[in-house]
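The values are calculated or read from the model by the stated rules, or taken from the named source; none is laboratory data. Note that this is a predicted model, so its numbers are computed, not measured. All Cβ positions, glycine included, derive from the backbone under ideal geometry; neighbour counts span all protein chains shown. Ligands, DNA and RNA are stripped out before the accessible areas are found, and what is left, the full protein with its side chains, is counted by its heavy atoms. Shrake-Rupley method; radii C 1.70, N 1.55, O 1.52, S 1.80 Å.
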Amino acid sequence: MYASRQTPERILIEPRKTLALFDFDGTLCLSDSFTQFIFYTLSKRHIIRQGIKILPWIQGYYLKLYPAHAMRTKLYSQMFSQQNLQEIESLAWQYSRELLEHLNPVILAQLKQHQDFGHEVAIVSASLDLYLQPIAQHLNVRLICTETEKQQNILTGQYASPDCSGEQKKLRILDHYNIENYAQIYAYGNSHEDEQMLSLADYPFMVGKDQRLPHIPSEAH
């Protein structure tokens, strides 16, 4: 009598993935999208009238006495408080189409290469969800950004989340991803506001400082 031969169960081990994180302004986008959005959506009269009210803070910002994250918050509140949500969202969609035509071709190619290799890709930005959401949908990437508060078809002028820069970028990434699940993390930025995000990466790249983009191996490798 022969003993039965049992086939050992196959243990399926899910391969650890790769994550690629991209800042937007100055990295994936060649310009300051937040400031341009103000001029794209609002009248010059409104911008001047509201700008005068916060002129000391604007001057302090340009003198490097007032931090960028605080300036963005104050500027957004002053410019967009009580604006009609439907009108702004319509203009934001049009604006996003224009931004897509002015992305950094080198960084965009890097993003698409990550996608071609099956990597998870996210835009992580201090800029606004109003126009970044359609861009993220078009590029088929996840979006982590500064979220705006809406109530009854009105923009309140407040943020629904903290300004997504500096330490907040890192915290929001850790909130969305368990980085222990990733074999490799790439991060692309262009300023000191991206340093905390880049600190999470195995392969950080700073636009304007680093000369060579990191090599991207496929998941199969």
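Taken over segment 41-63, the criterion of being open to solvent by 80 Å² or more (accessible area, probe 1.4 Å) and among the hydroxyl-bearing types (Ser, Thr, Tyr) is satisfied by 61, 62. Of 99, 91, 108, 19, all but one fail to be within 20 Å of residue 136 (Cα to Cα), in a helix (DSSP H, G or I) and open to solvent by less than 30 Å² (accessible area, probe 1.4 Å); the exception is 99.
Could you please let me know if residue 81 is surrounded by fewer than 20 Cβ atoms within 10 Å (Cβ to Cβ) and within 18 Å of residue 37 (Cα to Cα)? So residue 81 passes the test. Within segment 47-65, the set of residues being of a type outside the set (S, T, N, Q) and over 15 Å from residue 35 (Cβ atoms) comprises 49, 52, 53, 55, 56, 60, 63, 64, 65.
Of everything in segment 29-40 that is open to solvent by 20 Å² or more (accessible area, probe 1.4 Å), in contact with a Leu (Cβ under 9 Å, 6 or more places away or on another chain) and part of a helix (DSSP H, G or I), the residue that is farthest from residue 111 (Cα to Cα) is 40. Among the candidates 66, 95, 61, 76, the residue that is modelled with pLDDT of 95 or more and out of contact with any Leu (no Cβ under 8 Å at 6 or more places or on another chain) is uniquely 95.
The set of residues from segment 155-196 being of a type in the set (A, V, I, L, M, F, W, C) and touching a Ser or Thr at 6+ places or on another chain (Cβ under 9 Å) comprises 155, 160, 164, 183, 185, 187.
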